[in-house]
1. Give me the pairs: first residue in the stretch 76-92 and among the hydroxyl-bearing types (Ser, Thr, Tyr), second residue open to solvent by 10 Å² or more (accessible area, probe 1.4 Å), beta-carbon distance under 9 Å, and six or more apart or on different chains, which are they?
2. How about the stretch 130-176: which of its residues are in contact (Cβ under 8 Å) with a residue 12 or more places away in the chain, open to solvent by less than 50 Å² (accessible area, probe 1.4 Å) and over 22 Å from the mean Cα position of the chain (by Cα)?
3. Which of (1) out of contact with any helix residue (DSSP H, G or I) (no Cβ under 9 Å at 6 or more places or on another chain); (2) surrounded by 14 or more Cβ atoms within 10 Å (Cβ to Cβ); (3) among the hydroxyl-bearing types (Ser, Thr, Tyr) is the odd one out, the single condition Ser110 does not satisfy?
4. Spot the failing condition for Leu98; the list is (1) farther than 27 Å from Ala123 by Cβ; (2) open to solvent by less than 10 Å² (accessible area, probe 1.4 Å), and only one is missed.
5. Take Arg122 and tell me if it is closer than 24 Å to Ala7 by Cβ and assigned to a helix (DSSP H, G or I).
6. Only residues that are under 10 Å from Pro92 (Cα atoms) and open to solvent by less than 10 Å² (accessible area, probe 1.4 Å): list them for the stretch 116-129, please.
7. Give the residues of the stretch 61-81 that are open to solvent by 20 Å² or more (accessible area, probe 1.4 Å) and under 14 Å from the mean Cα position of the chain (by Cα), sorted by residue number.
8. Filter the stretch 30-60 for residues that are assigned to a helix (DSSP H, G or I), more than 16 Å from the chain's Cα centre (by Cα) and β-branched (Val, Ile, Thr) and give the result.
Amino acid sequence: RMWLVWAIWWGPTHVDEGIRRCEEIKRHATSKEVEAHAMVMGGNLKAASGAVDEGRLEAAAGRQILGELGDVLRWAGTAMVLGDLELNAGAPERAYELFSEGHAGLAQYSETGYLSTMVGYRAQAALELGRLDEALELADEARRLAQRDDFEPHARAGMVRARALARRGDLAAADDLIREAAAT
């Protein structure tokens, strides 16, 4: 059920259906960990539906439960969900803080799946804050960390690189990156 709520957030599920499913999973949760994940993902979806403050509170409460349970890996990993909420809410500073916190937490482990995605998100937040050099460095780090077939961090890193280069006026290089991404 824990991975099901990740798929609800990540996948093609419509926001209203995702909220409904997360609420159902919370009601029938057999563990605090599953309940906490449903709160994190459901909170993100509520924010996406326009209830930003309610979503922030619910997602943060779910993440806090994971911290209280001592599940550092999942507590750090869910920073990407809360950071994504903040990016979508127009709060890149808060998103950057969350991604940095998650990055630091995940760096303690050998796990790279969450970490490569987290670093890619952090690159996106740095870009939104106008920190182009840092965004490019983080995008490169995300690509180095990601497995060759891990689509998300490679796609996000490419998007960050293209946008950063375009902001610097290097439209030809940005266009090349976009064409490369479209070909994969």
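The values are calculated or read from the model by the stated rules, or taken from the named source; none is laboratory data. Keep in mind that what you see is a predicted model, and the values were worked out from it rather than measured. All Cβ positions, glycine included, derive from the backbone under ideal geometry; neighbour counts span all protein chains shown. For the accessible areas, the whole protein counts, side chains as well, though only heavy atoms, and no ligand, DNA or RNA atoms are used. Shrake-Rupley method; radii C 1.70, N 1.55, O 1.52, S 1.80 Å.
1. The qualifying pairs are Thr78/Arg63.
2. The answer is Leu165, Ala174.
3. (2)
4. (1)
5. Numbers: closer than 24 Å to Ala7 by Cβ: yes; assigned to a helix (DSSP H, G or I): yes.
Answer is yes for this residue.
6. In the first step, residues of the stretch 116-129 are kept if they are under 10 Å from Pro92 (Cα atoms); the result is 122, 124-129.
Selection gives Ala125, Ala126, Leu127.
7. Of the stretch 61-81, the ones open to solvent by 20 Å² or more (accessible area, probe 1.4 Å) are 61, 64-65, 67-75.
Scanning the stretch 61-81 gives Arg74, Trp75.
8. First, the residues of the stretch 30-60 that are assigned to a helix (DSSP H, G or I): 32-48, 52-60.
Still in the running and more than 16 Å from the chain's Cα centre (by Cα): 32-36, 52-54, 57-58.
Once the filter is applied, which keeps residues that are assigned to a helix (DSSP H, G or I), more than 16 Å from the chain's Cα centre (by Cα) and β-branched (Val, Ile, Thr), the stretch 30-60 yields Val34, Val52.
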